[in-house]
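A short write-up of the structure that comes next.
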Amino acid sequence: MTLKEFAKLPLNSNVVQKINRVNNDYSNFSTCDIDKECASNYYRDHKMLQDFIDGQAVNDLHSVAKAIRSLLEGYLHRRFPGHVKRCKLFGQIIGDVKLAQLPNPLFYLQPLATELDEINDYAGQFHHNTDVTSSTAYISDSELRNYARRTLTIIHKGEP
């Protein structure tokens, strides 16, 4: 039985609890949001971008900026299973798209290559946490919103 199935069981209480760490390494019970706990990174990144675009409060613009690239990578892995290698960086995937010939299905992404390059150039600034400038760089809210919209447009429409 999965955690989601367990949460749907008729119990005396409709609240699912979890144990979490509190001060001084003690434990305490708190409410458990099953959907949030079971959400994939792809879903969390998508929700973060959508919430940001919709004007909901976001704690950290850097997290939103980082989510752009990982969301697009996840999208391409799901759209082209077996054709996008997990070990490849996003820029390398775009390079593969540009070189693809039929019958390789990555060929059909070529109309998006320029858009993917532009988004990658922007999002790549914030992606690598080993680069000190990526975590301290100023992020313009309006510029980030533009790139977040462009990212979700690719995912929803399959075109820029």
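We did not get these values from a lab; they are worked out from the coordinates using the rules stated. None of these values were measured; they are calculated from a predicted model. Note that each Cβ is placed from the backbone with ideal geometry, even for glycine, and that neighbours are counted across all protein chains shown.
Hey, what does the equivalent ellipsoid look like for segment 21-103, semi-axes from the Cα gyration tensor as sqrt of 5 times each eigenvalue, largest first, whole Å?
Ellipsoid half-lengths, sorted descending, are 34, 16, 12 Å.
Would you work out the charge dipole size for segment 49-101 about its Cα centre, treating the Cβ of every Lys and Arg as +1 and the Cβ of every Asp and Glu as -1, and quote it to the nearest 20 debye?
So the dipole magnitude of segment 49-101 works out to roughly 400 debye.
Label-point separation (nm) for Ser70 and Cys32, each offset 7 Å from Cα along Cα-to-Cβ?
2.3
Please work out how much length the chain gains when fully extended from Arg78 to Arg149, using 0.36 nm per residue of separation minus the C-alpha to C-alpha distance, in nm with one decimal.
Numbers: separation 71, 0.36 × 71 = 25.56 nm, distance 1.97 nm.
Extra length available between Arg78 and Arg149 comes to 23.6 nm.
Counting other C-beta atoms within 10 Å, and keeping those with at most 16, which DSSP coil trypsin sites (Lys or Arg not before Pro) do you find in segment 34-143?
Working: sites: Lys36, Arg44, Lys47, Lys66, Arg69, Arg78, Arg79, Lys85, Arg86, Lys88, Lys98; in loops: Lys85, Arg86, Lys88.
Here the sparse-neighbourhood loop sites are Lys85, Arg86, Lys88.
For a 27 Å ceiling on Cα separation, which of these pairs sit above it: Lys47/Lys85; Lys18/Lys85; Lys66/Lys88; Lys47/Lys98; Lys18/Lys157?
Over 27 Å Cα-Cα: Lys18/Lys85; Lys47/Lys98; Lys18/Lys157.
Please report, to two decimal places, log10 I(q)/I(0) for the chain at q = 0.10, 0.13, 0.16 Å⁻¹ as given by the Debye formula with identical point scatterers on the Cα atoms and no solvent.
Rounded to two decimals, the profile gives -0.50, -0.76, -0.97.
For the pair Ala57 and Lys88, what calculated FRET efficiency results from E = 1/(1 + (r/R0)^6), where r is the Cβ-Cβ distance and R0 = 45 Å, to the nearest 0.05?
0.85
About its Cα centre, how strong a charge dipole does the chain have in debye, to the nearest 20, once Lys and Arg get +1 and Asp and Glu get -1 at the Cβ?
It comes to approximately 500 debye.
Report the residue, chosen from Thr114, Thr31, Thr136, that carries the largest GNM mean-square fluctuation when the chain is represented by alpha-carbon nodes joined by springs under 10 Å.
Thr31
In nanometres, what is the gap between the two model label sites at Asp117 and Asp25, each 7 Å from Cα along Cα-to-Cβ?
In this crude spin-label approximation the distance works out to 5.4 nm.
Take the chain, connect every pair of alpha-carbon atoms lying under 10 Å apart with a spring to form a Gaussian network, then pick out the residue of Pro111, Pro103, Pro81 with the largest mean-square fluctuation.
Per the Cα network of the chain with a 10 Å cutoff, Pro103 tops the list.
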